[in-house]
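The values are calculated or read from the model by the stated rules, or taken from the named source; none is laboratory data. Predicted model only: the values in this text are computed from it and were never measured. Cβ placement follows ideal geometry from the backbone for every residue including glycine, while neighbour counts extend to all protein chains displayed.
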Amino acid sequence: MTAATTEEFDRQIEPYRGELLAHCYRMLGSVHDAEDLVQETYLRAWRARSKYDEARSSLRTWLYRIATNACLTALESRNRRPLPSGLVSETDPLQPFVHGGEVTWLQPIPDSLLGLGDPAGASIDRSSLRLAFVAALQHLSARQRAVLILREVLAFSAAEAAGILDTTTASVNSSLQRARARLQDAGVLEDRVTEPSQAEQRLWVERYMEAFEEADVERLKQLLADDVLMEMPPMLNWFVGRENYARFMDWLFTKAGTSWQLLPVGANGHPAFAAYRRGPSGAYELHTLQVFTVTSSGISRNSVFQDADVFAAFGLAGKLDA
């Protein structure tokens with residue numbers, strides 16, 4: 001292959017980077033692992049570029065074949081990445097925090113890595129990036145996970161998915177049926193169709209941020225769905241319900257103070273913010289990253305992260321000036 005044609009090949013495959021990163025993230029639940037697998041996908045594609053036959057499949061399908069099989073290989077040596085609500089029973093909001101120890105947790109992914117603010121990111125299904133959905137995927141076998149994503153999220157036909165996975169259409173259909181039944185039991189499929197518009201979601205979270213900065217628990221309660229869920233990896237504690245949520249927030253503001261600065265960010269295609277609390281020096285110190293799910297009935301989920309790797313992935317400063 002000549003230099004000119006190899007340069008053209010690079011230009012052709014580069015636009016798929018964002019959606020391939022989203023795909024590997026859904027499969028693996030890790031930002032770092034997903035980035036590594038996309039790099040491996042592009043390296044494999046480069047090495048096999050002379051073998052690509054556009055008459056047999058589109059370039060996009062060919063890249064997804066490489067990426068999916070790279071993910072399946074990687075998952076052979078990796079454990080699933082849960083969230084606390086998928087690992088232990090519900091707790092009282094004021095129960096002492098229990099650290100998750102050696103659990104490898106599901107991570108949120110920055111919107112900026114996926115290009116969700118750019119035209120290139122328009123093809124990425126935001127609802128399938130929701131933490132609850134990605135967490136539910138972790139309970140599927142690697143093969144079921146791949147089938148469900150290929151068929152339900154990426155809209156490949158059964159025949160295309162079979163080609164990507166080097167299996168039969170009957171096997172794909174059987175795996176899809178089992179995967180859908182598992183997610184139906186987890187209650188995540190219905191949630192995907194009840195999300196308000198992106199603008200409405202941002203408005204809900206902006207109101208939440210205003211109430212949070214004023215430490216106004218009653219206003220926070222008004223923005224929550226009745227069955228709102230909060231979880232806080234790496235702590236195992238999690239709980240459900242507006243009243244439990246309010247009890248926890250009362251405790252938080254009593255313990256951590258009422259002077260906060262909040263920095264809005266985008267995570268998993270949904271509103272999020274970094275919370276900084278005023279420290280002894282007067283500077284605002286990074287406390288948590290909070291990622292929200294908003295449904296038609298209000299904020300239904302808040303996943304709160306206190307993890308250095310997560311903070312680094314989002315490029316969050318450790319302190320803000322007072």
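Observations, loosely collected:
- Extreme residue, nearest to Pro264 (Cα to Cα), among residues of the stretch 72-120 that are of a type in the set (S, T, N, Q) and touching a residue at least 24 places away in the same chain (Cβ under 8 Å): Ser112
- The set of residues from the stretch 257-269 being at negative phi, in contact with a Lys or Arg (Cβ under 7 Å, 6 or more places away or on another chain) and buried (at least 17 other Cβ atoms within 10 Å of the Cβ) comprises just one member, Trp260.
- Residue that is surrounded by the most Cβ atoms within 10 Å (Cβ to Cβ), among those in the stretch 223-256 that are part of a helix (DSSP H, G or I) and among the acidic types (Asp, Glu): Asp250
- Residue match in the stretch 296-306 (condition: under 18 Å from Gln95 (Cα atoms), in a helix (DSSP H, G or I) and among the hydroxyl-bearing types (Ser, Thr, Tyr)): no
- Residue check, Ala74 buried (at least 19 other Cβ atoms within 10 Å of the Cβ), aliphatic (A, V, I, L, M), in the same structural domain as Ser174 (by TED's automatic domain parsing) and closer than 30 Å to Gln198 by Cα: no
- Residue list for the stretch 171-205, filter: hydroxyl-bearing (Ser, Thr, Tyr), over 14 Å from Leu137 (Cα atoms) and at pLDDT 95 or above: Ser171, Ser174
- Residue in the stretch 304-320 that is within 25 Å of the chain's Cα centre (by Cα), modelled with pLDDT of 95 or more, of a type outside the set (Lys, Arg) and within 15 Å of Met209 (Cα to Cα) present: yes
- On inspection, Thr41 passes the criterion of being in the same structural domain as Gln138 (by TED's automatic domain parsing), surrounded by 17 or more Cβ atoms within 10 Å (Cβ to Cβ) and not small (Gly, Ala, Ser).
- Out of Glu8, Glu102, one residue alone is in a helix (DSSP H, G or I) and at pLDDT below 90. It is Glu8.
- Test: residue in the stretch 51-59 that is closer than 28 Å to Leu106 by Cβ, over 21 Å from the mean Cα position of the chain (by Cα) and touching a residue at least 24 places away in the same chain (Cβ under 8 Å): no
- Among the residues making up the stretch 126-158, those that are farther than 20 Å from Ser175 by Cβ and out of contact with any Asp or Glu (no Cβ under 7 Å at 6 or more places or on another chain) are Arg126, Leu129, Arg130, Leu131.
- Lone unmet requirement of (1) within 29 Å of Gly29 (Cα to Cα); (2) touching a residue at least 24 places away in the same chain (Cβ under 8 Å); (3) touching a His at 6+ places or on another chain (Cβ under 8 Å) for Glu285: (3)
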